Every structure is written in structure tokens, then in C-alpha cells.
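Taking it in order: structure first as C-alpha cells, then the write-up.
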Amino acid sequence: MSILIDNATRVLVQGITGREGAFHTGRMLASGTNVVAGVTPGHGGKEVEGVPVFDSVHEAVATIAADVAVLFVPAPRARDALFEAADAGIRLIVCITEGIPVRDMAEVMAHLPRRGARLIGPNCPGLITPARCSAGIMPSEIFAPGAAGVVSRSGTLTYEVVHELTQAGIGQSTAVGMGGDAVHGIGFIECLQLFEADRETEGVALIGEIGGDDEERAAVYIRDNMTKPVVAYVAGHSAPPGRRMGHAGAIVEGSSGTAASKQAALEAAGIPVAASPSELARLLGEAVKRRRTT
Amino acid sequence: MDLLEHQGKALFAAAGLPVLPADVAVTPEDAARLAAVVGLPAAVKAQARTGGRGKAGGIRICRSAGEVEAAAAEILAMTIRGKPVVSVLVEQAVEVHREMYLAIVSSRALRGPLLVFAREGGVDIEELAKRDPGAIVRSPIDPLLGLCDYQVRDVVAAAALDPEGPGAADARKALGAVVRALWRFYHDRDATLVEVNPLVLTQDGEVVCLDSKVTVDDNALFRQPDVTPDEPADEREAKARRAGLAFVPLAGDIGVIGNGAGLVMSTIDQIATMGGRAADFCDIGGGARSEVARAALEAMFAGPPVAAVLVNIFGGITRCEDVAKGLVEAIKAAGVDAPVVVRLDGNAAEEGHAVLADAALPNVTLALDPDEAVKLVVDIARERV
């Protein structure tokens with residue numbers, strides 16, 4: 001078991017003929033992922049890394065069934081590509097693209113539920129179920145199959161924590177990078193819900209950062225709904241207000257969205273909050289061990 | 001990016017939103033000349049990217065060209081809430097009958113725009129909502145449907161314009177037109193915030209945008225060709241931006257470079273926890289190659305001297321070897337003599353360590369894990385102060 005993707009997942013890559021799209025298609029294939037089709041309008045009939053390319057998502061889905069789309073489409077064309085994937089019946093869309101306008105994402109988020117499609121990202125590294133499926137750009141080499149769920153707003157912090165977990169002999173069920181934009185798809189709560197229901201997952205590491213109130217809402221959700229242990233880390237305690245810290249959504253606005261308020265909310269809900277990424281891996285290891293012995 | 005009042009108003013005018021005759025001056029003499037063009041009495045208004053201009057004395061009503069010149073001289077010398085006044089707007093003054101508040105703001109929680117109106121301008125909205133809930137409209141706008149007619153009617157009703165007053169029907173119509181035009185503006189201009197505070201009803205029964213606060217989505221600048229961001233005031237930030245790097249200047253003395261926004265934020269936090277202070281946030285990004293690492297180091301050294309530098313890289317897709325090569329090149333080329341602590345882990349970390357060992361740069365120290373790297377750089381910086 002795992003969440004969202006497994007070895008039955010059939011991945012379609014939108015923007016497969018671009019530099020990033022082609023490179024990461026090769027990496028996804030090398031990690032054992034079932035990449036069945038690619039789409040770039042005007043490039044139908046070609047092959048990239050042995051994967052057939054189609055002109056449209058509809059055509060690809062009709063010819064070779066696919067249920068997950070990974071997007072490497074440039075920001076100005078991402079909105080349309082997201083609509084296309086949803087309208088073609090893709091159930092899970094993973095948008096790697098960074099820099100999509102807020103207006104476009106608001107329109108996409110209003111449309112996707114009408115088609116029953118879920119979104120991860122944008123501006124995210126995607127997700128991975130180690131040794132089974134990688135839908136995105138996470139470095140599969142540092143992952144190992146196991147019982148730890150990871151959900152994060154930061155790519156490299158995820159790698160940092162996962163690397164420590166793997167070194168400590170703690171594998172991962174699924175790791176989800178939800179992305180760094182203010183308007184985004186699946187968040188902490190949806191992932192926590194799925195991890196709680198997943199038989200394989202025994203504990204979850206939540207990696208947050210400044211901006212918005214996703215962590216505060218997750219804290220309440222965990223307190224009221226989670227039986228599995230959750231440990232957390234929040235980055236950006238020393239970020240100056242009003243400045244975007246790399247991610248479009250990582251910004252303290254006035255007095256809201258601070259790391260201190262997020263940490264306080266998580267602690268108030270009884271969730272251990274680590275002082276560093278390496279401590280987060282330690283805390284999760286201990287929590288899973290405790291759960292196994294009780 | 002945040003627009004200055006006069007930049008926002010120029011776009012307002014082009015979008016058919018009612019603004020008063022006005023122009024911008026950067027010298028007191030120019031301001032005095034403009035007074036004759038826009039008409040007297042005139043308001044002289046500080047142009048600075050901050051609120052609280054009125055309270056700070058940055059807005060004056062003047063009755064003569066001489067008064068305008070004197071006010072402009074004073075205001076141009078001001079710094080308001082830490083922001084320098086870059087110019088003054090000289091604007092025709094009007095007799096205000098009523099002040100209202102109108103805004104459209106992108107809401108993270110709603111994942112879309114929110115229309116906000118208040119019957120009274122310049123007041124605390126939360127406080128007004130408690131005192132008189134009927135005086136406030138907060139209405140989410142569906143991103144696909146756009147602004148609906150009923151939402152416009154809600155605003156006009158909440159405004160409670162005196163039905164007996166002269167021209168009340170015209171004023172209601174004008175207010176509705178402003179709400180519609182503001183939504184078009186918000187949408188077409190890729191704004192994430194448009195605020196008119198105050199939106200006024202003049203003694204003559206006109207509805208006018210007396211102020212403008214506009215934030216344009218940085219991600220949408222590619223389709224807003226006439227909105228150009230200012231060059232950052234900080235030399236390091238300007239240099240980093242030209243190289244396509246995310247850079248935020250900070251006040252400390254430890255230069256920080258890392259890959260990934262979260263990792264760099266986390267590194268800065270760890271430095272603070274150990275009693276040090278970071279000089280910057282610099283993210284060289286996911287697939288960083290050697291020239292990017294070099295550009296980052298060069299940007300950092302364009303600013304005030306740092307006591308020490310920490311390079312914290314976790315290679316996912318990034319090959320640590322490439323980053324190491326870029327660092328060695330940049331350190332040699334720029335003659336960097338400040339101590340540099342380097343932590344490389346993940347993809348091609350061993351090859352990266354070998355590159356640094358071969359270069360044998362005397363000021364570079366290799367740290368084996370992130371916690372050790374932070375401790376080391378904070379200790380070194382402390383010794384050098």
C-alpha cells in the first residue's frame with residue numbers, strides 16, 4: 001500500500017519533448033515508473049526515451065490508458081495544459097512548473113473539482129512511492145520503501161529528511177511535495193487523511209514553512225482525526241516580514257503566516273516540532289518505534 | 001510587485017476608473033509648475049511603498065503654487081516607515097462628501113479573489129463589521145464566473161447612498177460602474193490586490209478613487225509588458241536577480257547560499273539558533289550548475305563584507321560536483337579570502353569533496369553534516385568580529 005500512486009499507476013508526461021520533460025521522463029523510467037505516454041502539441045508520432053508522443057491528452061488517453069499526468073509545460077501555457085488533463089479524465093495531475101500566475105491557478109482550482117481531478121503542486125517536486133512509482137522529479141536514489149509518510153512544502157528539505165530516514169533504516173510509504181505556491185492543490189490535510197487510511201504508513205513527517213495557514217489547519221486536523229503519530233518541522237523563523245523567501249507562497253504578511261504561529265499551533269495540538277531537519281528524522285524514527293512496541 | 005499610487009492611478013485611468021487630474025514631480029519646482037496644470041487647491045502626496053502616509057504628514061492640501069513647492073520640498077526629504085519618498089503626486093483637490101472603502105484581494109484560503117467593501121473609508125474594517133455589519137460586504141468572486149450583478153447590487157446597497165440626495169441615482173450607478181471596472185482591472189492586470197481607500201463621493205456627487213494600492217502578481221509580469229519592476233535598491237539583490245537567483249538581503253554577517261527555498265530558510269534559522277546572523281537568503285535552485293554557484297557567490301560579495309560564508313547543498317538532481325567546481329572557480333576569480341564553510345551531501349557528494357580537496361583553497365573548510373556546518377560557520381564568524 002501507499003497513497004495516490006503505486007505500481008499500477010500509468011504516468012503520462014505533458015511537455016515531454018522539452019529539456020526538463022525529456023530528462024525527467026528518463027529518470028522516472030529508470031526508477032521503475034510506468035511512463036506510458038507523452039504529450040506535446042505538434043509532436044505527435046515521435047518518441048522520447050522510447051515513450052510514444054501524442055498531440056493531445058485526449059488522444060493519448062484514448063490510445064494508451066493513463067491515470068496520472070506529470071506536467072513540465074512552461075508557465076504561460078500551464079493553465080491550458082491543466083484544463084486539458086482534467087477534461088481528458090486524468091485523476092491525479094502533478095504540476096512541476098514554477099511561476100504560474102495566481103489568476104490562472106485560481107481558475108484551475110475552480111475547474112478541477114468539476115472533473116473530479118486532483119492536483120499536486122504547482123511549483124513542486126511531485127511525489128514518489130519508493131521502488132514503485134515516481135511521478136515528478138524527486139531523486140529516487142535516496143528513497144527506500146517503508147512505513148514513513150512524508151508531506152512537505154519544500155523539495156530539498158524533503159530530500160534532506162528522507163536521506164536521514166533512509167540512512168537510519170526507516171523507509172517511506174509515499175512522499176508528497178505539495179509545492180511552494182500560495183494557491184495549490186492537495187495540501188497537508190488531504191495527505192494526512194490518506195496516510196491515516198493507508199495500512200503501510202505508520203507515522204508521518206510534516207514539513208511546513210512560512211506563509212498562509214496550512215500548518216495551523218493541519219494541526220487542528222491531526223488533533224481531531226489522526227491516530228498515527230505525526231511529527232513536524234517549520235522553516236522560516238528568521239524570515240523578514242513582507243519578503244518572498246524563494247517560494248511564491250513563502251511570505252509573512254503582516255503578522256500572519258509566521259513560523260512561530262505555526263509551531264505554536266502544532267505544539268498546542270500535541271505534535272512534536274523538530275528544531276532542525278535532522279531532528280525531524282530522529283523524532284519520526286522514535287515515534288514509529290514507540291507505535292510498534294505499544 | 002507593489003505599484004506606487006501614481007503608477008496604479010495611471011493604470012486606473014486607462015481602465016476607465018475615475019481618478020482626479022494629477023501628475024508626478026521629483027523636484028519642488030516641478031511640483032509648483034504642475035499645480036498650475038492640475039488646478040488649485042491641490043494635494044501634494046508622498047509616493048512611497050508603504051501605508052500611513054497621511055499620518056506621517058506625507059499628504060498636504062495646498063492653496064497656492066508657493067505652498068505646493070514648500071510642501072513638496074519637505075515631503076521629498078521624508079522617509080515614511082523606513083521607505084524613502086521617491087516622488088510626489090500633485091493632484092487636484094476635491095470637496096469630499098463621503099469616504100468609502102473598496103478592494104479586491106487574492107485570498108489563499110478561498111483560492112480566489114475576494115471583494116471587500118465598507119461604507120466608511122479609513123476605518124478598521126473588523127471594528128466596523130462589529131459595530132454595523134450591514135455596512136460591510138465580503139463576497140468571494142468565482143474565478144470562472146467573474147463578478148456577478150448581485151455582488152455589485154450588494155455593494156451599492158451597503159453604501160446606503162442618501163436616496164433623497166441630489167443625483168443619488170447617478171451616484172449609485174457610478175458606484176456600480178466603479179465596482180465592475182475594478183474587477184475588470186483586477187482580472188486583466190493580474191493583480192493580487194487592488195485597494196481604493198478612500199473611494200469618495202464628492203460634494204458634486206461624483207465617485208472618485210482618491211487613492212490606489214495595487215500589487216501585480218510577479219508570476220504574471222510576462223503578460224503585463226507595461227508593468228516593469230524597479231531595480232532592487234540592494235546591489236547584491238540586483239546582481240542576483242540578473243542571474244535569475246532568488247535573493248533576499250538580510251542584516252547579519254554570515255553569507256548563506258543553498259539549494260531550495262526551504263533548505264536555505266532552514267539554514268538561516270539554524271544559524272540564528274546558534275547565535276549567528278545571516279547576511280542573506282540565496283537560493284541557487286534545483287538543477288543548479290557551476291555557473292549558478294559562481295553567480296551566487298559573486299552577488300554576495302557585491303555587498304557589505306561578510307565575516308564568513310556557508311554553502312549548504314543537498315544534491316537531489318543537483319550534482320554536488322558541479323556546485324563544487326563553480327565555488328572553486330568563483331573563489332579563485334573573485335579572490336575571496338573570507339572563510340567559506342561548505343557542506344555537500346547527496347548526489348555526487350564524494351566527487352564534490354574531491355574537487356574541493358584538489359583545489360586545496362586555504363579558506364575553505366568542509367563540513368560533513370548540516371548541523372556541524374552551521375556550528376562551524378557561526379564559530380568562525382564570531383572569532384572574526
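Going by the structure shown, is A:Ala218 more than 10 Å from every other protein chain (Cβ to nearest Cβ), modelled with pLDDT of 95 or more and in contact with a Phe, Trp or Tyr (Cβ under 6 Å, 6 or more places away or on another chain)?
Criteria met by A:Ala218.
Scan the stretch B:216-241 residue by residue and report those that are hydrophobic (A, V, I, L, M, F, W, C), within 11 Å of another protein chain (Cβ to nearest Cβ) and either in a loop (DSSP other than H, G, I, E, B) or touching a Lys or Arg at 6+ places or on another chain (Cβ under 8 Å) (or both).
Answer for the stretch B:216-241, where residues must be hydrophobic (A, V, I, L, M, F, W, C), within 11 Å of another protein chain (Cβ to nearest Cβ) and either in a loop (DSSP other than H, G, I, E, B) or touching a Lys or Arg at 6+ places or on another chain (Cβ under 8 Å) (or both): B:Val216, B:Ala220.
Within the stretch B:66-122, track down each residue that is over 20 Å from the mean Cα position of the chain (by Cα), in a loop (DSSP other than H, G, I, E, B) and among the β-branched types (Val, Ile, Thr).
Within the stretch B:66-122, B:Val94 is the sole residue that qualifies.
Applying the selection to the stretch A:197-208, what residues are over 17 Å from A:Arg292 (Cβ atoms) and surrounded by fewer than 24 Cβ atoms within 10 Å (Cβ to Cβ)?
Answer for the stretch A:197-208, where residues must be over 17 Å from A:Arg292 (Cβ atoms) and surrounded by fewer than 24 Cβ atoms within 10 Å (Cβ to Cβ): just A:Ala197.
So B:Val323 passes all but one of these: (1) within 14 Å of another protein chain (Cβ to nearest Cβ); (2) over 22 Å from A:Ser278 (Cα atoms); (3) under 28 Å from the mean Cα position of the chain (by Cα). Which condition number does it fail?
All conditions pass for B:Val323, except number (3).
Go through the stretch B:149-166 and give me each residue that's within 18 Å of B:Ile136 (Cβ to Cβ) and either at pLDDT 95 or above or assigned to a helix (DSSP H, G or I) (or both).
Here is the first cut: in the stretch B:149-166, the residues within 18 Å of B:Ile136 (Cβ to Cβ) are B:150-161.
Correct list: B:Tyr150, B:Gln151, B:Val152, B:Arg153, B:Asp154, B:Val155, B:Val156, B:Ala157, B:Ala158, B:Ala159.
Applying the selection to the stretch B:293-323, what residues are of a type in the set (Phe, Trp, Tyr) and surrounded by fewer than 22 Cβ atoms within 10 Å (Cβ to Cβ)?
B:Phe301
Name the pairs whose Cβ atoms lie under 6 Å apart, with the first residue in the stretch A:1-12 and assigned to a loop (DSSP other than H, G, I, E, B), the second β-branched (Val, Ile, Thr), and 6 or more positions between them or separate chains?
So the pair list comes out as A:Ser2/A:Thr129; A:Ser2/A:Thr174; A:Ile3/A:Thr174; A:Ile5/A:Thr129; A:Asp6/A:Thr129; A:Thr9/A:Val68; A:Arg10/A:Val36.
Has the stretch A:224-244 got any residue that is without any contact (Cβ under 8 Å) to a residue 60 or more places away in the chain, β-branched (Val, Ile, Thr) and at the interface with chain B (Cβ under 10 Å from one of its Cβ atoms)?
Yes, the stretch A:224-244 has at least one match.
Name the single residue that is modelled with the lowest pLDDT among those in the stretch A:269-282 being closer than 21 Å to A:Phe143 by Cβ and surrounded by fewer than 22 Cβ atoms within 10 Å (Cβ to Cβ). Break it down into steps so the answer makes sense when it comes.
Restricting attention to the stretch A:269-282, the residues satisfying the condition of being closer than 21 Å to A:Phe143 by Cβ are A:274, A:276-282.
Applying the additional criterion that residues be surrounded by fewer than 22 Cβ atoms within 10 Å (Cβ to Cβ) yields A:274, A:276, A:278-279, A:282.
Working: A:Ala274: 97, A:Ser276: 94, A:Ser278: 91, A:Glu279: 95, A:Arg282: 94.
Once the filter is applied, the top-ranked residue is A:Ser278.
Which count do you get for residues in the stretch A:203-252 that are in a helix (DSSP H, G or I) and farther than 30 Å from B:Thr215 by Cα?
7
Give me the residue from the stretch B:3-28 that is touching a strand residue (DSSP E or B) at 6+ places or on another chain (Cβ under 6 Å), farther than 15 Å from B:Val94 by Cβ and β-branched (Val, Ile, Thr) and, out of that set, surrounded by the fewest Cβ atoms within 10 Å (Cβ to Cβ).
My answer is B:Val26.
Considering only residues that are crowded, with 24+ Cβ neighbours inside 10 Å and either free of Cβ contacts under 8 Å to residues at least 24 places away in the same chain or within 8 Å of another protein chain (Cβ to nearest Cβ) (or both), look in the stretch B:272-292 and name the one that is nearest to the chain's Cα centre (by Cα).
For the stretch B:272-292, the residue satisfying everything is B:Phe281.
Within the group B:Val208, B:Val194, which residue is more than 30 Å from A:Ser154 (Cβ to Cβ), part of a strand (DSSP E or B) and touching a Pro at 6+ places or on another chain (Cβ under 6 Å)?
Exactly one of B:Val208, B:Val194 is more than 30 Å from A:Ser154 (Cβ to Cβ), part of a strand (DSSP E or B) and touching a Pro at 6+ places or on another chain (Cβ under 6 Å), namely B:Val208.
For A:Arg244, state whether it is basic (Lys, Arg), at pLDDT below 95 and at negative phi.
Working: basic (Lys, Arg): yes; at pLDDT below 95: yes; at negative phi: yes.
Yes; evaluated as a whole, the condition is true for this residue.
Name the pairs whose Cβ atoms lie under 9 Å apart, with the first residue in the stretch A:245-268 and more than 9 Å from chain B (Cβ to nearest Cβ) and more than 25 Å from B:Gly285 (Cα to Cα), the second of a type in the set (Lys, Arg) and surrounded by 15 or more Cβ atoms within 10 Å (Cβ to Cβ), and 6 or more positions between them or separate chains?
A:Ala265/A:Arg217; A:Ala268/A:Arg223
Any idea which residue in the stretch B:97-128 is farthest from B:Asp190 (Cα to Cα), counting only those that are touching a helix residue (DSSP H, G or I) at 6+ places or on another chain (Cβ under 8 Å) and without any contact (Cβ under 8 Å) to a residue 60 or more places away in the chain?
Top of the filtered list is B:Leu128.
The values are calculated or read from the model by the stated rules, or taken from the named source; none is laboratory data. What you are looking at is a predicted structure, and each value in this text was computed from that prediction instead of being measured. So basically every Cβ, Gly included, is an ideal-geometry build from the backbone, and we count neighbours across all protein chains shown.
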